[in-house]
Structures are given as C-alpha cells and as structure tokens.
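Engineer: If you scroll down you'll find the structure; I have some questions about it.
The values are calculated or read from the model by the stated rules, or taken from the named source; none is laboratory data. Predicted model, so just to flag it, every value in this text is computed and none were measured. Note: ideal-geometry Cβ built from the backbone for every residue, glycine included; neighbour counts use all protein chains shown.
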Amino acid sequence: MKSKSIAIMIYGEPGSTRNALTEEKYKNLAAHLAQKGFLVDSVVYNDSVAGNYKKVLLKYKAILVWVNPIEQENDRTILDNLLRKLSEKGCFVSAHPDTILKMGTKEVLYSIRDTELGGDIHLYHSVEDFIERFVKKIKAPRILKQYRGNGGDGVFKVEKNNEIIVTHAKGGRVETFTSDSDLIKMFSPYFSSNGMLIDQPWNSNIINGMVRCYLCANKVTGFGYQEINALYPGKRPGQRFYFSEDCGLFQDLRQKMEDSWINSIQASTQVTDELLPVIWDADFFINDVNNANTKEKYSLCEINVSCVSPFPESSIPYIARYLEKKIK
Ligand SMILES: Nc1ncnc2c1ncn2[C@@H]1O[C@H](COP(=O)(O)OP(=O)(O)OP(=O)(O)O)[C@@H](O)[C@H]1O
Ligand SMILES: [Mg+2]
C-alpha cells in the first residue's frame, strides 16, 4: 500500500473513457490533492469489474466514491459489498456503505423525525400499511419518496380531490387516477426487495428556491442555491449556483448545522465522527427568508451522501485536510 495514495472512483459503463482526473466535477479536487502530496488515481467502476478490483483497490489508502444509488438500472449491492471488504482491510472508504444506509437513504427523514429537522414524516414498509395509513387518509398534498434514488426518480407529489393527481419529480410527468386501486398499483413495486416509501408534507415554499448545504464530516464547506427545482409549479428546474461556506446569505444555516443539527443527525442515525463522509449535503426549503428563527426559516428536504457532485470549490481544502488526518 503506497503512502497517501487515493482512488477517486466514478461510475462508467464497460469501455467508458471517463477519467476523474480530467473530468470537470473532480479535476480541481484531484489537482489539489496532488498538490498536497497525495498520489491520486481515477478508478472507473461498474459491476462487471468488481471481481478484479478487490486486489487492485487494496493498494490505496483511501477510496473516495462517487456512484449513485441507481446507475443504469443497477443498484449498489455489489459495489457496497466490495467497499465493505476494502474497509475491513484498512482502506478508508468514503462514503462508507453503512453510513449511506444510516444517513444517505430517504429513511433518514424518518429516523430524524423527532428532532428539529423532523416533522410530520411517515414510513410505510408494506402495501397493506400504505393503504391503511396513506391511501385511505390522504387530504393535503403529500410527497412520497422511494427508499433510495436520485435525480427525483421515485419522488412524487400526490394530491387527492375528486381525483388523484400524481406528479413525478423526475421529468414532471402528471398522472391522474380516478380510483385508489390505480394509485396502489402504481406504488406497490416500491415495496419489493425490502423497499419502503417515505411520506413527507408537500412544501409549497419551494417557490422560494432551495439551499443545499455542503459538508465535509462535521464542517459546513459551502452552499448551492437553486431557484427553480423539480415540482416547482409550472416550471422546469433551473441551474444551481455555488457559494463558499462564508457566504453571508446562509450563515444562520451554517451556524445551526454546526452547533446542533449535525449532532442531531448523528445521534438519530448512530453515525460516529469516524464514519462521517468526506462530502455530503443537506437540502433545505426556505420557508420564510426573513424569519430570524432558523428552525422555522428552513425545512429539510433530504440528505445526500453517496454521490455528491458537483460541489463548491470551497469544499476542496476541507476534504484535503480531512484526508490528511485519516491517512497519515
Ligand atoms: N416535500 C417536498 N415539497 C416540495 N417539493 C419537494 C419535496 N420533496 C422533494 N421535492 C422536490 O423534488 C426534488 C427531488 O426530491 P429529493 O431531493 O428528495 O430526491 P432525490 O431524487 O434524492 O434528488 P437529488 O438527486 O437532488 O438528490 C427536490 O429537489 C424538490 O425539488
Ligand atoms: Mg438525493
């Protein structure tokens, strides 16, 4: 194992020419790490290479992974098993698959429901439970989220008036049903293979835009602001703009995260300091821009752990310093 050697792992189909050292999203991180004396390689992963990779990857002290929960219809089962084995052998793996399970799936919204970040959140483990507690009771618009996903895949706004209107966050497609049974039929597949649905209130303050708070372990490293997001009434999502951790607009959020909300997330999910990822984010609705009470001003939409990129430039020195401590 070479000292200070790091693999940046990204997803690529067989034959892919992706290279994290030159790709826009990762090249500045790779260059900064190299400048700090790390030996940095790009590793392109898909399930077909998993078998050969165990030996190859053991030569790295750290493996930084940017692979989505679902890539080309494949989940991360094989990859996560590989990463667990590498971690057991002493590689520092981030994000560790166990950390992703604890704080990087939509279930985290339920785990932290009793904290200041929580609220009226429900979780359904079976179709029967979903029918009893959701389908038969829905009044105000709600948001349903599948257990693991990204890009708005498996995230839906559900409204029930004379008919049932379901809007997909991915692509904005709207479906209208006249009977509960059609709704049940649509959501039943989400319960297969130990799946579940998380049920969150629809937040109409989405029209104020959303702020993404980026973190390295327990430090806020920057922000992203996106004015038009998925499910914004009548509009297609727009661009996200990035700001440093010192941006004056979001200092209230930075302070609250570092003073208490990170601790709440860790306490509710049992993620120890050692297992906090090198880069993760928490997405917030801005309920009322002028509210001096940070807890009321922001509501949590979700947490991302497994594939947070792009990230603000200001995150890079934090990641390097964190790795210095992890792999001496
Ligand atoms: N409770 C809600 N109220 C209003 N809009 C919501 C709500 N939850 C999610 N959305 C919208 O749906 C989008 C996708 O939801 P979410 O971020 O939870 O899923 P995701 O698939 O993990 O997305 P990402 O790829 O950004 O991580 C959000 O960015 C937001 O625009
Ligand atoms: Mg997400």
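Engineer: Select, from Glu71, Glu13, the only residue that is modelled with pLDDT under 95, over 15 Å from Ser309 (Cβ atoms) and either of a type in the set (D, E, K, R) or assigned by TED's automatic domain parsing to the domain that holds Glu88 (or both).
Structural biologist: Glu13
Engineer: So Ala292 ticks every box in (1) of a type in the set (Gly, Ala, Ser); (2) over 24 Å from Ser94 (Cβ atoms); (3) within 16 Å of ligand 1 (Cβ to nearest atom) but one. Which box is left unticked?
Structural biologist: (3) is the only condition that Ala292 fails.
Engineer: Among the residues of the stretch 245-285, how many are within 23 Å of Asp114 (Cβ to Cβ) and either of a type outside the set (Asp, Glu) or out of contact with any Asp or Glu (no Cβ under 8 Å at 6 or more places or on another chain) (or both)?
Structural biologist: 28
Engineer: Please note which strands (runs of 3 or more DSSP E) are completely contained in the stretch 23-134 and include at least 3 residues that are surrounded by fewer than 19 Cβ atoms within 10 Å (Cβ to Cβ) and either free of Cβ contacts under 8 Å to residues at least 24 places away in the same chain or on the phi < 0 side of the Ramachandran plot (or both).
Structural biologist: Here the list reads 39-45.
Engineer: If you check Asp199 against the conditions, is it crowded, with 20+ Cβ neighbours inside 10 Å, touching a helix residue (DSSP H, G or I) at 6+ places or on another chain (Cβ under 7 Å) and of a type in the set (D, E, K, R)?
Structural biologist: In short, yes.
Engineer: Being under 11 Å from Glu116 (Cβ atoms) and in contact (Cβ under 8 Å) with a residue 60 or more places away in the chain is the filter here, so list the residues in the stretch 286-298 that pass it.
Structural biologist: Within the stretch 286-298, Lys295, Tyr298 meet the criteria.
Engineer: If you scan the stretch 244-278, which residues turn out to be within 16 Å of ligand 2 (Cβ to nearest atom) and either without any contact (Cβ under 8 Å) to a residue 40 or more places away in the chain or out of contact with any Ser or Thr (no Cβ under 6 Å at 6 or more places or on another chain) (or both)?
Structural biologist: Across the stretch 244-278, the qualifying residue is only Ile265.
Engineer: Related question: Return a yes/no flag: does the stretch 178-189 have any residue that is assigned to a loop (DSSP other than H, G, I, E, B) and away from ligand 2 (no atom under 16 Å from the Cβ).
Structural biologist: yes
Engineer: Turning to a different aspect of this structure: Can you pull out every residue in the stretch 202-223 that is in a strand (DSSP E or B) and surrounded by fewer than 19 Cβ atoms within 10 Å (Cβ to Cβ)?
Structural biologist: Across the stretch 202-223, the qualifying residue is only Lys219.
Engineer: Hey, could you check the stretch 245-289 for residues that are assigned to a loop (DSSP other than H, G, I, E, B) and of a type in the set (Val, Ile, Thr) and say which is farthest from ligand 1 (Cβ to nearest atom)?
Structural biologist: So, considering only residues that are assigned to a loop (DSSP other than H, G, I, E, B) and of a type in the set (Val, Ile, Thr), the one farthest from ligand 1 (Cβ to nearest atom) is Thr272.
Engineer: Okay, moving on. Of everything in the stretch 135-174 that's among the basic types (Lys, Arg) and assigned to a loop (DSSP other than H, G, I, E, B), which residue is modelled with the lowest pLDDT?
Structural biologist: Ranking the qualifying residues of the stretch 135-174, first place goes to Lys139.
Engineer: Restricting to the stretch 107-139, name every residue that is in contact with a Phe, Trp or Tyr (Cβ under 6 Å, 6 or more places away or on another chain) and under 20 Å from Pro69 (Cβ atoms).
Structural biologist: Ile121, Leu123, Tyr124
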